[in-house]
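> Attaching a single structure in structure tokens format; questions to follow.
The values are calculated or read from the model by the stated rules, or taken from the named source; none is laboratory data. No experiment lies behind these values; they were computed from the predicted model shown. Please note: Cβ atoms are built from the backbone with ideal geometry, for glycine as well, and neighbour counts cover all protein chains shown. In case anyone asks, the SASA skips ligands and DNA or RNA and just uses the protein heavy atoms, side chains included. Shrake-Rupley method; radii C 1.70, N 1.55, O 1.52, S 1.80 Å.
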Amino acid sequence: MLGNWLAQIGAVTALNLRNLRERSSSTLVALVGVTGVVTVVVGVLSINEGFRAVLQEAGADDVAIVLRGGATDEMTSGFGLDQTRVIADAAEIARDADGLLASAELYVIVEVPLKSAGTVANVPLRGVNAAAAPKLRQNFEITEGRMFTPGTFEIIVGRGAASQFSGLEVGETLRSGTTSWLVVGHYRDRGSIAESEIWTDATVLQGAYNRGTSYQSVRARLTSPEAFQAFKDALTTDPRLNVRVFTERQYYEEQSRTLTLIVGTVGVVIAVLMGLGAVFAAVNTMYSAVSARAREIATLRALGFGAFPVVVSVLVEAALIGAAGGLLGMAIAYFAFNGFQASTMNWSSFSQITFAFTVTPELAAQGLVYALALGLLGGSFPSIRAARQPIVRGLREL
Amino acid sequence: MLKFLPLFFANLGRKPVRTTLTLGSIVVAFLLFGLLKTMEGALALGADLAGVDRLATMHRMSLIQQFPLSYLNRIRAVDGVVAATSFNWFGGIYQNERNQVSAMTTEPATFFDVYPEYLLPPEQRADWISDRASMIVGRATAERFGWKVGDTIPLRSSFYRKSDGSDTWDVRIAGIYDAANGDSSSVYLHYDYLNESLSRNGGRDFIGFVIFRIENPDEAAQVSARVDALFANSPAETKTSTERAFIQGFANQMGDIATIVTAVASAVFFTMLLVTANTMAQSVRERTNETAVLKTLGFTRHTIAGLVLTESFLITALGGAIGLGLAALAARRVGDMLAQFFPVIGVPAGAYVTGVVLIAILSLLAGLLPSLEASRLKITDALRKV
């Protein structure tokens, strides 16, 4: 029984696929429909993957970020010099040959023109401890020029910021208010959010922005990821301090929430609505395929082919269209979007974040599965109609 | 054309499933189009609704830098300035960090001189102006947290600290406003209420930015220059621009996202165009015989072409109208969702105009080939094919 069915399915499906060419225009439309959906959906969601790559994966578990109590980000946080010293005294902070691996940092924004629009955007300008800060990032590396000299008005620029904003090449000068900053180097850090920033010496930045001796955050490498809880407990129970302590990973997850929520919602809405449109197209195509072959199907049924093989043959054809559209959409999305550099406003820190569209294998697989589902859904009703058609009427139809 | 109406309906009703599906994909296309336009409008942050006679003065370096309170009165004294009010970013948190409120402090006495488009009952307005421990709240925010007029809300600042170290201000709700510029999520407190509790090093007597109205919008450039000249070479130099440019500055920072939205909309449209065009072609091809009969009856090729085009237009217009209508309904829901991030005004009026143009283009492109095909049809060829 089963063998017979399989043979029938094979025969009917082969017949369908062989005359696919005669129905090429409507098949092509269904194909383009599915391809369009997958391209757009994968493209939009790859923005979120890009944010994730920049924000979340950049976070380490053994690097802690300390903010003032109640602060949600570095921009709204603040510490006096005395408090940063108390924090840096914690026993869980690692040290190396050059000293303590902790950096009290200042986070302000500086206006720099966007290359694409020519209008100014808020670029984060971070004041750091020149010795410790590079070691607090995972793969910090100067790619061009040199590190800034502490105590001078020199800056180094992240690779992402240098690509999105103008006037940040090595040797150029960035004017902000009455201050002129000399760009002396570019750096990279595995594509993390640090690459969206500009760095300078924290004490110089305090002077330039009238911040006295205050800082906004303390970043420290701990002796191990396990030491985090002890570190957090020590600081939050210290009566001299009122702080929030995050691991770097937690902090960036928090930071990216709004952005990924917005882009994720938009992505899902587009996916569902466009998917609906594509299903309509696929249903249309398969209906006309079925009605064009009404006579063939009736003949087959008269010859003794069962209803089930006919259903399966239509579904297989629809699934193939879906799969082909999915593969095509994936390929287009990958070549058109993957690695595309862009920047936008990260509202939680009121400053720009640069990111790259990232088409991950999981995302591509999701796109393909979605395309297959669209194809099958599009084939389901027409296949049932094909099987239900009365043989006599099918044969009479000319 | 009107006498052909029954013919159109007969044609559309010939394959109801197909007609429904085609209509469905057009509806979906226009629904998406409407929603994406709404989003684009939201990302523009209402810059189009900024007053033409309003200017904004901020610190020369960046918006996060503040300048002395005394600047406000000096700006008022500048020639051509009618009214001025100041703003500080308060950064409200209600209950916990997840509940962010866009809270600002201002000078209520002059606020309405600068922003007449903020509407609330006169008694609420008077109440807010007279009580420094009160605030007015946008309707979306009031609904989001279930706040009522008269409630006292403990509002934490993510930015300021009182001189005693606490970060929470108790504020009574004096009124709930509606604003014509799409802002329905902001909260406005008294600057004095904030200022009196700050320490000298904690930002006391410093303001974030000043918005002011000028007598003659044509003199915006001269007045800007006059204001900035006032503070040149001081420790806090200023930058003055039109309010529109000020808001546009934020909107531009969304940068590439807006471009992407437009790109997506175009991709969606291209796809839908293909679907519709193909269905049109199919249904015309199926009626080859009927077309030949019509021609035999004396219909000219122009009438035939016109009939096909009209049919294409009918279905596109119907689908487009339904889609845009759904978008308008959905935009309100989306607006509520996004209200905590952006001012959302609903589907922008311009989107409807573009929508109508798109309906015309789409129906023309979809109907053109089939209508040519039908009008060029040779009766003898068509009738021979059975």
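> Return yes or no: is A:Glu74 crowded, with 21+ Cβ neighbours inside 10 Å, touching a Phe, Trp or Tyr at 6+ places or on another chain (Cβ under 7 Å), within 14 Å of chain B (Cβ to nearest Cβ) and not aliphatic (A, V, I, L, M)? Outline the logic, then answer.
Details: crowded, with 21+ Cβ neighbours inside 10 Å: yes; touching a Phe, Trp or Tyr at 6+ places or on another chain (Cβ under 7 Å): yes; within 14 Å of chain B (Cβ to nearest Cβ): yes; not aliphatic (A, V, I, L, M): yes.
The answer is yes for A:Glu74.
> Now a separate question. Would segment A:179-190 turn up any residue that is over 24 Å from the mean Cα position of the chain (by Cα), buried (at least 23 other Cβ atoms within 10 Å of the Cβ) and within 14 Å of chain B (Cβ to nearest Cβ)?
Taking every residue of segment A:179-190 in turn, at least one turns out to be over 24 Å from the mean Cα position of the chain (by Cα), buried (at least 23 other Cβ atoms within 10 Å of the Cβ) and within 14 Å of chain B (Cβ to nearest Cβ).
> Can you tell me which residues in segment B:203-247 are over 15 Å from B:Ser62 (Cα atoms) and polar (S, T, N, Q)?
B:Asn216, B:Gln222, B:Ser224, B:Asn233, B:Ser234, B:Thr242
> Please enumerate the residues belonging to segment B:203-227 that are touching a residue at least 40 places away in the same chain (Cβ under 8 Å) and assigned to a helix (DSSP H, G or I). So that I can check it myself, show each step before the final result.
Going residue by residue through segment B:203-227, those that are touching a residue at least 40 places away in the same chain (Cβ under 8 Å) are B:203, B:205-217, B:219-220, B:222-224, B:226-227.
Across segment B:203-227, the qualifying residues are B:Pro217, B:Glu219, B:Ala220, B:Gln222, B:Val223, B:Ser224, B:Arg226, B:Val227.
Residues checked against (1) free of Cβ contacts under 8 Å to residues at least 60 places away in the same chain; (2) among the acidic types (Asp, Glu); (3) outside any helix (DSSP H, G or I); (4) open to solvent by less than 10 Å² (accessible area, probe 1.4 Å):
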position	(1), (2), (3), (4)
A:Leu17	no, no, no, no
A:Ser25	yes, no, no, no
A:Ala30	no, no, no, yes
A:Gly50	no, no, no, yes
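> Looking at (1) more than 14 Å from chain B (Cβ to nearest Cβ); (2) of a type outside the set (Val, Ile, Thr); (3) assigned to a strand (DSSP E or B), which is the only condition A:Gly171 fails?
(3)
> Being surrounded by 24 or more Cβ atoms within 10 Å (Cβ to Cβ) and either free of Cβ contacts under 8 Å to residues at least 60 places away in the same chain or of a type outside the set (A, V, I, L, M) (or both) is the filter here; which residues of segment A:276-286 pass it?
First, the residues of segment A:276-286 that are surrounded by 24 or more Cβ atoms within 10 Å (Cβ to Cβ): A:277-286.
Selection gives A:Gly277, A:Phe280, A:Asn284, A:Thr285.
> Here is a check on your reading of the model: is A:Leu372 open to solvent by 20 Å² or more (accessible area, probe 1.4 Å) and under 30 Å from A:Gly304 (Cβ atoms)?
Details: open to solvent by 20 Å² or more (accessible area, probe 1.4 Å): yes; under 30 Å from A:Gly304 (Cβ atoms): no.
Taking the combined requirement at face value, the residue does not satisfy it.
> Name the residue that is farthest from A:Val218 (Cα to Cα), counting only residues in segment A:248-275 that are touching an Asp or Glu at 6+ places or on another chain (Cβ under 9 Å), crowded, with 21+ Cβ neighbours inside 10 Å and not aromatic (Phe, Trp, Tyr).
A:Gln255
> Tell me the residue from A:Ala230, A:Ala234, A:Ala194, A:Ala220 that is more than 23 Å from A:Phe350 (Cα to Cα) and under 31 Å from the mean Cα position of the chain (by Cα), please. Break it down into steps so the answer makes sense when it comes.
Values: A:Ala230 fails: under 31 Å from the mean Cα position of the chain (by Cα); A:Ala234 fails: under 31 Å from the mean Cα position of the chain (by Cα); A:Ala194 fails: more than 23 Å from A:Phe350 (Cα to Cα).
Sole residue among the options that is more than 23 Å from A:Phe350 (Cα to Cα) and under 31 Å from the mean Cα position of the chain (by Cα): A:Ala220.
> Are any residues in segment B:131-174 away from every other protein chain (no Cβ under 13 Å) and out of contact with any strand residue (DSSP E or B) (no Cβ under 8 Å at 6 or more places or on another chain), and if so, which ones?
Filtering segment B:131-174 for residues away from every other protein chain (no Cβ under 13 Å) gives B:131-153, B:163, B:170-174.
Result: B:Ala140, B:Glu143, B:Arg144, B:Gly146, B:Ser163.
> Another question, then. Is at least one residue of segment B:193-204 touching a Pro at 6+ places or on another chain (Cβ under 6 Å) and open to solvent by less than 40 Å² (accessible area, probe 1.4 Å)? First the steps, then the outcome.
The first filter runs over segment B:193-204 and keeps only residues touching a Pro at 6+ places or on another chain (Cβ under 6 Å), leaving none.
No; the residues of segment B:193-204 include none that is touching a Pro at 6+ places or on another chain (Cβ under 6 Å) and open to solvent by less than 40 Å² (accessible area, probe 1.4 Å).
> Moving on. Within segment A:95-123, how many residues are closer than 24 Å to A:Arg221 by Cβ, in contact (Cβ under 8 Å) with a residue 12 or more places away in the chain and not in a strand (DSSP E or B)?
2
> List the residue pairs whose Cβ atoms are under 6 Å apart, where the first residue sits in segment B:84-97 and is within 14 Å of chain A (Cβ to nearest Cβ), the second is part of a strand (DSSP E or B) and open to solvent by 10 Å² or more (accessible area, probe 1.4 Å), and the two are 6 or more positions apart or on different chains.
B:Phe90/B:Met104; B:Ile93/B:Arg156
> Quick check on segment A:59-71: of everything there that is at the interface with chain B (Cβ under 8 Å from one of its Cβ atoms) and in contact with an Asp or Glu (Cβ under 8 Å, 6 or more places away or on another chain), which residue is farthest from A:Gln352 (Cα to Cα)?
So, considering only residues that are at the interface with chain B (Cβ under 8 Å from one of its Cβ atoms) and in contact with an Asp or Glu (Cβ under 8 Å, 6 or more places away or on another chain), the one farthest from A:Gln352 (Cα to Cα) is A:Gly69.
> OK, next. If the requirement is being in contact with a strand residue (DSSP E or B) (Cβ under 6 Å, 6 or more places away or on another chain) and modelled with pLDDT under 80, which of these qualifies: B:Ser86, B:Ser62, B:Ser102? Spell out the reasoning first.
Values: B:Ser86 fails: modelled with pLDDT under 80; B:Ser102 fails: modelled with pLDDT under 80.
Exactly one residue qualifies, and that residue is B:Ser62.
Every residue, every condition in (1) surrounded by 20 or more Cβ atoms within 10 Å (Cβ to Cβ); (2) more than 23 Å from A:Ser25 (Cβ to Cβ), yes or no:
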{"position": "B:Asp218", "(1), (2)": "no, yes"}
{"position": "B:Phe231", "(1), (2)": "yes, yes"}
{"position": "B:Glu237", "(1), (2)": "no, yes"}
{"position": "B:Arg285", "(1), (2)": "no, no"}
{"position": "B:Ala317", "(1), (2)": "no, yes"}
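> Please determine whether any residue of segment B:247-260 is within 8 Å of another protein chain (Cβ to nearest Cβ), under 24 Å from B:Ser25 (Cα atoms) and within 35 Å of the chain's Cα centre (by Cα).
yes
> Okay, moving on. Give me a count of the residues in segment A:101-127 that are at the interface with chain B (Cβ under 10 Å from one of its Cβ atoms) and within 10 Å of A:Ser351 (Cβ to Cβ).
Within segment A:101-127, residues that are at the interface with chain B (Cβ under 10 Å from one of its Cβ atoms) and within 10 Å of A:Ser351 (Cβ to Cβ) number 8.
> Being charged (D, E, K, R), in contact with a Ser or Thr (Cβ under 8 Å, 6 or more places away or on another chain) and more than 7 Å from chain A (Cβ to nearest Cβ) narrows it down to one residue among B:Lys239, B:Lys295; which is it?
Numbers: B:Lys295 fails: in contact with a Ser or Thr (Cβ under 8 Å, 6 or more places away or on another chain).
Going through B:Lys239, B:Lys295 in turn, just one is charged (D, E, K, R), in contact with a Ser or Thr (Cβ under 8 Å, 6 or more places away or on another chain) and more than 7 Å from chain A (Cβ to nearest Cβ): B:Lys239.
> Another question about this same structure. Looking only at segment B:101-157, which residues are over 24 Å from the mean Cα position of the chain (by Cα), open to solvent by less than 40 Å² (accessible area, probe 1.4 Å), hydrophobic (A, V, I, L, M, F, W, C) and closer than 23 Å to B:Gly208 by Cβ?
B:Trp128, B:Ala133, B:Met135, B:Ile153, B:Leu155
> May I ask you to list pairs of residues, at least six apart or on different chains, whose Cβ atoms are under 8 Å apart, with the first in segment B:260-288 being farther than 19 Å from B:Asp381 by Cβ and the second being part of a helix (DSSP H, G or I) and aromatic (Phe, Trp, Tyr)?
B:Ala265/B:Phe33; B:Val268/B:Phe33; B:Phe269/B:Phe33; B:Val275/A:Phe280
> Pick out the one residue from B:Tyr188, B:Tyr177, B:Tyr160, B:Tyr193 that is touching a residue at least 40 places away in the same chain (Cβ under 8 Å), part of a helix (DSSP H, G or I) and within 19 Å of B:Phe87 (Cα to Cα). Show your work before the answer.
Values: B:Tyr188 fails: part of a helix (DSSP H, G or I); B:Tyr177 fails: part of a helix (DSSP H, G or I); B:Tyr160 fails: part of a helix (DSSP H, G or I).
After ruling out the rest, the residue left standing is B:Tyr193.
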